[in-house]
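Report on the structure given below.
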Amino acid sequence: MTIINELKLSKELIRFPSITPKDAGAINFLSKKLKKLGFSCKILEFKDKGSKPIKNLYARIGKKRPNLCYAGHTDVVPPGNIADWTVNPFKPAVKKNHLIGRGANDMKSSIACFISAVSKYLQKNSNFKGSISFLITGDEEGFAINGTKKVVEYLKKKKEKIDFCIVGEPTNPRKLGEMIKIGRRGSLSGKIEIIGIQGHIAYPHLSKNPINTLVNVCKKLKETQLDKGNKNFQPSNLEFTSINVDNKAHNVIPARARAKFNVRYNNLHSSSSLKKKISNIVKKISKKNKCNYKIDFMANGESFMTKPEKTIFMAKKIIKQITKINPKFSTTGGTSDARFIRKISPCLEFGLVNKTMHRVDECVSLSDLRKLTKIYNSILVEYFK
């Protein structure tokens, strides 16, 4: 059995410019790499109306249960201005004991660490009782329409069982070992359009200015406290991401004013309850100002939390042993594909340090790569004991 080096594999993966929705060959490369370790691999390409096709990978070794799955993504965000980088973002380099490149911590290196851990485990445990699987998508950083969500639907249809899943997202704020994610807040996006009556600026009584109504709507939504949080979740928050009138004239009252927003919400709400609450506020203020309105929502995932159980406590113990840091359970941060996976399996999220993700000169320390590989390998050993 060939032992795979996590640094070498990280570099190989970073070289693929797999900016969502482009795969650039990353999924095929991983499939070939896992086949050499004895995995059966299935490349799943999904396409939805109005979206580009996305390649995903489900790989498994073993036919028995329990099935321990690792989930991750090969797609990355754009590098921004390449001139701002000290290296080419897709030509990884090691500087000052750090690997630099786009995807170095979010999250190609984590994938490399788990594959390295698996290769070491299989060398000593070729006849282990159970299965190891990989669920890898190329659609996590984008709209997540044709990625893990559809892979999960495929696995359910095929009656493929996953008993526990490790999602390798970069969960640690500053040091490896600080944080295990056991849940996430939900995400709800929305667009508000207030429709007034266009007119001359000197005759406001003959018009209906939608800006005034929109300002009042935004003010009311920001003043409304959704909750105070609870022992497992921070307070929910609503933030406006854009306000647009699209009026280039100085002497015209516009006909329309628009705003976009996003709500990150805890388990005290659902997307349905928030839609109702927000719609009522918009409706009430629009009616008072005699304006019409439109509101569209897009639910990106409900809030969830995995109740800590023996596998999670086992992982926590191993992380503490290797990093000398006692990790805390958390539900903070943005969304992740765990929101889809939790529908078919309990899961935890643990990966690298996230302080440089999406930034120029995204990087990961070589020491953390070695430690994460050791953590993943130790989890495999304990899980299949």
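What the table below lists for this structure:
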item: The one condition in (1) surrounded by fewer than 20 Cβ atoms within 10 Å (Cβ to Cβ); (2) of a type outside the set (Val, Ile, Thr); (3) within 30 Å of ILE325 (Cβ to Cβ) that LYS181 fails to fulfil; result: (1)
item: Residue that is surrounded by the most Cβ atoms within 10 Å (Cβ to Cβ) [pool: residues in region 308-320 that are free of Cβ contacts under 8 Å to residues at least 12 places away in the same chain and not aromatic (Phe, Trp, Tyr)]; result: LYS317
item: Sole residue being over 27 Å from LYS149 (Cβ atoms), assigned by TED's automatic domain parsing to the domain that holds ASP106 and of a type in the set (S, T, N, Q), chosen from THR323, THR331; result: THR323
item: Number of positions in region 13-42 that are surrounded by fewer than 18 Cβ atoms within 10 Å (Cβ to Cβ), under 26 Å from HIS358 (Cβ atoms) and either among the charged types (D, E, K, R) or touching a Gly at 6+ places or on another chain (Cβ under 6 Å) (or both); result: 1
item: Long-range neighbours under 9 Å by Cβ, at least six apart or interchain, first residue under 17 Å from PHE39 (Cα atoms) within region 1-18, second surrounded by fewer than 19 Cβ atoms within 10 Å (Cβ to Cβ) and modelled with pLDDT under 95; result: MET1/SER126
item: Flag for ILE3 being surrounded by fewer than 23 Cβ atoms within 10 Å (Cβ to Cβ) and assigned to a strand (DSSP E or B); result: no
item: Failed item in (1) farther than 14 Å from ASN105 by Cα; (2) under 22 Å from the mean Cα position of the chain (by Cα); (3) surrounded by 16 or more Cβ atoms within 10 Å (Cβ to Cβ), with THR332 passing the rest; result: (3)
item: Whichever residue in region 335-372 is under 19 Å from the mean Cα position of the chain (by Cα), charged (D, E, K, R) and closer than 18 Å to PHE114 by Cβ and, among such residues, is modelled with the highest pLDDT; result: GLU349
item: Enumeration of residues in region 198-223 that are surrounded by fewer than 17 Cβ atoms within 10 Å (Cβ to Cβ) and over 17 Å from TYR293 (Cβ atoms); result: HIS200, ILE201, ALA202, TYR203, PRO204, HIS205, LEU206, LYS222, GLU223
item: Residues (buried (at least 20 other Cβ atoms within 10 Å of the Cβ) and out of contact with any helix residue (DSSP H, G or I) (no Cβ under 8 Å at 6 or more places or on another chain)) located in region 249-268; result: ARG264, ASN266
item: Members of region 196-237 that are touching a residue at least 40 places away in the same chain (Cβ under 8 Å) and assigned to a strand (DSSP E or B); result: ILE197, GLY199, HIS200, LYS208
item: SER187, sole failed condition from (1) of a type in the set (Ser, Thr, Tyr); (2) surrounded by 17 or more Cβ atoms within 10 Å (Cβ to Cβ); (3) over 30 Å from ILE319 (Cα atoms); (4) under 25 Å from the mean Cα position of the chain (by Cα); result: (3)
item: Cβ pairs under 9 Å, 6+ apart, first in region 342-355 and closer than 11 Å to ILE162 by Cβ, second aromatic (Phe, Trp, Tyr); result: ARG342/PHE304; LYS343/PHE304; SER345/PHE164; PRO346/PHE164; CYS347/PHE164
item: Near pairs, Cβ below 6 angstrom, 6+ apart or cross-chain, from region 366-379 (farther than 15 Å from MET314 by Cα) to any residue that is polar (S, T, N, Q) and surrounded by fewer than 21 Cβ atoms within 10 Å (Cβ to Cβ); result: LEU366/ASN97
item: Looking only at region 258-289, and only at residues there that are of a type in the set (Gly, Ala, Ser) and over 21 Å from the mean Cα position of the chain (by Cα), the one that is farthest from ASN216 (Cα to Cα); result: SER272
item: Of the criteria (1) farther than 30 Å from GLU382 by Cβ; (2) crowded, with 18+ Cβ neighbours inside 10 Å; (3) basic (Lys, Arg), which one LYS49 fails; result: (2)
item: Check on SER286, among the small types (Gly, Ala, Ser), farther than 30 Å from LYS150 by Cα and surrounded by 13 or more Cβ atoms within 10 Å (Cβ to Cβ); result: yes
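The values are calculated or read from the model by the stated rules, or taken from the named source; none is laboratory data. Source: prediction; values computed, not measured. Don't worry about glycine lacking a Cβ; one is built from the backbone with ideal geometry, like all the others, and counts go over all protein chains shown.
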